[in-house]
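The values are calculated or read from the model by the stated rules, or taken from the named source; none is laboratory data. Small disclaimer: the values here were computed from a predicted structure and weren't measured. Neighbour counts are summed over all protein chains in view; Cβ atoms, including those assigned to glycine, are modelled from backbone coordinates with ideal geometry. Side chains are part of the model used for accessible areas, which takes the heavy atoms of the whole protein and leaves out ligands, DNA and RNA. Shrake-Rupley method; radii C 1.70, N 1.55, O 1.52, S 1.80 Å.
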Amino acid sequence: MSELQIGLLVVGAVVVAAVFLYNKWHERRYRREAEAGFASQREDVLMRSGGGAGQGTAPGLERLEPLVSFEAEQEDPGDSGAGLSEFLDFIVPIETPEEVSGAALIGAAAVALERCSKAICWEGFDETAAAWERLDPDRSYSRLRSGMQLVDRRGAADEEELDAFGAAIERAAASVGALATVPDPASALANARELDRFCGEIDIRVAVHIISDAAPLTGTQLAALAKAAGFRLGEPDGKFRLPDEAGRIICALANFEPTPLNIDGLRALSTRGVTLELDVPRAPYEAFTRFRQSAQMLARELKARIVDDNREPVGPAAFDAIEAQLQAVHGSMKARGIAPGGALALRLFS
């Protein structure tokens, strides 16, 4: 064999090896990209964002620690009161040399406060009880206060809103001979932004579908079963709701199809299934157990299957996994003095 032939064989072998290695490199590269793409799409279809605070995806439980410290006083889970809170409200105190009627002060501020996007609450100090109470328009007070809620599911209040609120209360107080002292909003704004971030991470809704693969479900069948289980039909949103002994909502039952459930349409209703929903921060501690039992009861009585958004079966292991995640959410809420389903939670997630 000549030297030229040997040289061509060597060059050919190098080229073949280079092509082989190049193809292997591309194969590994595309595999990594594909795996990354699929991994980014792995989302628990049972756990959904509740729509609060501008959060567009289901929140991760690993990001629950706040950047700054903020805590409410420990809340009694059974307390249904919803008074002003230093934790949640921007509060403006009002003092008067003489008692003024609650109606006069509310009336003086009414027009200006109509433009506020957040909830406004008024309180008067009951000298006999030595405690703040919801402002009674028919009573007179020497000490009053008004508060604007800093955070709800639409997001956090901004500086412009706090300035407008403070100015409105100052003018209203002056018109009845009182003095309103507006606090510096800087710390309230910082806390509001952090509280809004935290709420966005725990604003979770759990939903499962009870689907019939055989005959469609009838409205009268659903109504009878829901009523026997303690659900009550709500108007106008067209959902049955299950309250606990204290009247707090455990979960809601909606039509799987677009048609809402209502009294007039139930007799003619025919549907493939229903959706059971749990609004996690607004439901009390024991709600998930009742939610799970309700889903199993509906599936058994309707001879239907419990599935997720992808029509995959939801079995005991899936319910156990969700329960573990919710315990973490409840723990983080409790650490900040917010009882699931309590007064503060109902205000925050409204």
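What single numbered condition from (1) surrounded by 20 or more Cβ atoms within 10 Å (Cβ to Cβ); (2) in contact with a Cys (Cβ under 7 Å, 6 or more places away or on another chain) fails to hold for Leu84?
(1)
How many of the residues in the range 146-173 are over 16 Å from Lys118 (Cα atoms) and open to solvent by less than 70 Å² (accessible area, probe 1.4 Å)?
2
Taking Leu233, is it farther than 20 Å from Pro313 by Cβ, assigned to a strand (DSSP E or B) and hydrophobic (A, V, I, L, M, F, W, C)?
Considered against the rule, which asks whether it is farther than 20 Å from Pro313 by Cβ, assigned to a strand (DSSP E or B) and hydrophobic (A, V, I, L, M, F, W, C), Leu233 comes out as yes.
Could you tell me how many of the residues in the range 293-335 are crowded, with 16+ Cβ neighbours inside 10 Å and assigned to a loop (DSSP other than H, G, I, E, B)?
Matching residues across the range 293-335 total 3.
Output the number of the condition that Glu160 fails; it satisfies all remaining conditions of (1) touching a residue at least 12 places away in the same chain (Cβ under 8 Å); (2) acidic (Asp, Glu); (3) under 26 Å from Arg193 (Cα atoms).
So the condition that Glu160 fails would be (1).
Only one of these is touching a strand residue (DSSP E or B) at 6+ places or on another chain (Cβ under 6 Å), modelled with pLDDT of 95 or more, closer than 18 Å to Pro243 by Cα and among the aliphatic types (A, V, I, L, M): Ala304, Ala345, Ala339, Ala295. Name it.
Ala295
Here are some conditions: (1) touching a helix residue (DSSP H, G or I) at 6+ places or on another chain (Cβ under 9 Å); (2) surrounded by fewer than 20 Cβ atoms within 10 Å (Cβ to Cβ). Arg193 meets all but one. Which one does it not meet?
Against the list (1) touching a helix residue (DSSP H, G or I) at 6+ places or on another chain (Cβ under 9 Å); (2) surrounded by fewer than 20 Cβ atoms within 10 Å (Cβ to Cβ), Arg193 comes up short only on (1).
Which members of the range 196-229 meet the condition of being part of a loop (DSSP other than H, G, I, E, B) and either more than 21 Å from Asp309 (Cα to Cα) or among the aromatic types (Phe, Trp, Tyr) (or both)?
Hit for the range 196-229 is Ala229, nothing else.
Here are some conditions: (1) over 20 Å from Asp136 (Cα atoms); (2) touching a residue at least 24 places away in the same chain (Cβ under 8 Å). Ser101 meets all but one. Which one does it not meet?
For Ser101, the exception is condition (1).
What are the pairs with Cβ atoms under 8 angstrom where one residue, in the range 289-310, is without any contact (Cβ under 8 Å) to a residue 40 or more places away in the chain and the other, located anywhere, is among the charged types (D, E, K, R) and in a helix (DSSP H, G or I)? Sequence gap at least six, or different chains.
What qualifies is Arg292/Glu323.
Those residues that are more than 28 Å from the chain's Cα centre (by Cα) and of a type in the set (Gly, Ala, Ser), I need them from the range 286-305; list them, please.
Correct list: Ala304 only.
Just wondering, is there one or more residues in the range 281-292 that are modelled with pLDDT under 95, open to solvent by 10 Å² or more (accessible area, probe 1.4 Å) and out of contact with any His (no Cβ under 6 Å at 6 or more places or on another chain)?
So far as the range 281-292 goes, yes, one or more of its residues are modelled with pLDDT under 95, open to solvent by 10 Å² or more (accessible area, probe 1.4 Å) and out of contact with any His (no Cβ under 6 Å at 6 or more places or on another chain).
Filter the range 262-285 down to residues that are over 17 Å from the mean Cα position of the chain (by Cα) and under 25 Å from Arg153 (Cα atoms), then give me how many there are.
Looking only at that region, the number is 1.
Could you check the range 108-195 for strands (runs of 3 or more DSSP E) lying wholly inside it with 3 or more residues that are touching a Phe, Trp or Tyr at 6+ places or on another chain (Cβ under 7 Å)?
120-126, 140-149
With farther than 21 Å from Ile322 by Cβ, over 30 Å from the mean Cα position of the chain (by Cα), among the charged types (D, E, K, R) and open to solvent by 30 Å² or more (accessible area, probe 1.4 Å) as the only criterion, which of Asp213, Asp184 stands out?
It is Asp213.
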